[in-house]
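Okay, so here's the structure we're looking at.
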């Protein structure tokens, strides 16, 4: 069973100490893994992080958002990678580069990514939220391809295929405990997709 190192903050620790958001995320993940998402309250998360509930709500709308707070930055990464690709590059190669860049972020945050996924896997509501996030990422990439002159339905098909490859590679990575390197798994899965597509 995966676990986080226990978080201990002295009561006198200032609630304005830098990285309050990171402390809240770490505390939430620890409690979600130990007690379950449904059984954990915002008050308990804030207390474990050595912060107040008010501080929690400064960063997150609710306890679900602790698990999805990085979605905006991930979308920006995908969009900027698509926009920066060479004009001559094939659409699927552009999407592969974007998905690999996302995979590198998950690899850097390996422990947190695995813990987060273990929480989502146990909750239908969180799984639905994850699917909505993936649909948003696909829409953002297809829009990026359209801006590059890729016509429909090609832009949407390519972006959706990239999301499917990312999802399958990520699931394989999680099942293997975060090994091997996620960007490499993404490259391998794209190759398998290309072979399967003929």
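Nothing in this text is a laboratory measurement; each read-out follows from the coordinates by a stated rule. Bear in mind that the values here come from a model prediction, so they are computed numbers and not experimental data. Cβ placement follows ideal geometry from the backbone for every residue including glycine, while neighbour counts extend to all protein chains displayed.
Kirkwood radius and radius of gyration were both taken over the C-alpha atoms of region 109-156, and their ratio Rg/Rh is 1.19. Principal-axis analysis of the Cα atoms of the chain puts helix 20-35 at an angle of about 80° to the longest axis.
Taking Cα atoms only, the orientation of helix 154-175 departs from the longest principal axis of the chain by about 50 degrees.
Counting beta carbons within 10 Å around each of 157, 31 and listing the fewest first gives the order 157, 31. The equivalent ellipsoid that matches the C-alpha gyration tensor of region 20-66 spans semi-axes of 15, 10, 9 angstrom, in descending order.
With neighbours defined as other Cβ atoms within 10 Å of a residue's Cβ, the residues 106, 68 order from fewest to most as 68, 106.
The calculated FRET efficiency for residue 135 paired with residue 41, based on their beta-carbon distance and R0 = 22 Å, is about 0.15. For region 24-133, the convex hull spanned by the alpha carbon atoms encloses 108 Å³ per residue.
For region 90-198, calculate the relative contact order in percent as a whole number, restricting contacts to Cα pairs under 8 Å that are 6 or more residues apart. Don't jump to the answer; show the numbers that get you there.
Details: 79 pairs, mean separation 42.3, N = 109.
Computed over region 90-198, the figure is 39 percent.
The sum of -39500 (n - 2.57) across all DSSP H runs of n ≥ 4, divided by the residue count of the chain, sets its helix-only mean residue ellipticity at 222 nm to -22500 deg cm²/dmol. Relative to the longest principal axis of the Cα atoms of the chain, the long axis of helix 71-84 makes an angle of roughly 30 degrees.
Spin-label model, residue 69 to residue 111: label points 7 Å out along the Cα-to-beta-carbon direction sit 1.7 nm apart.
Taking every alpha-carbon pair within region 51-115, the share separated by more than 17 Å comes to 55 percent.
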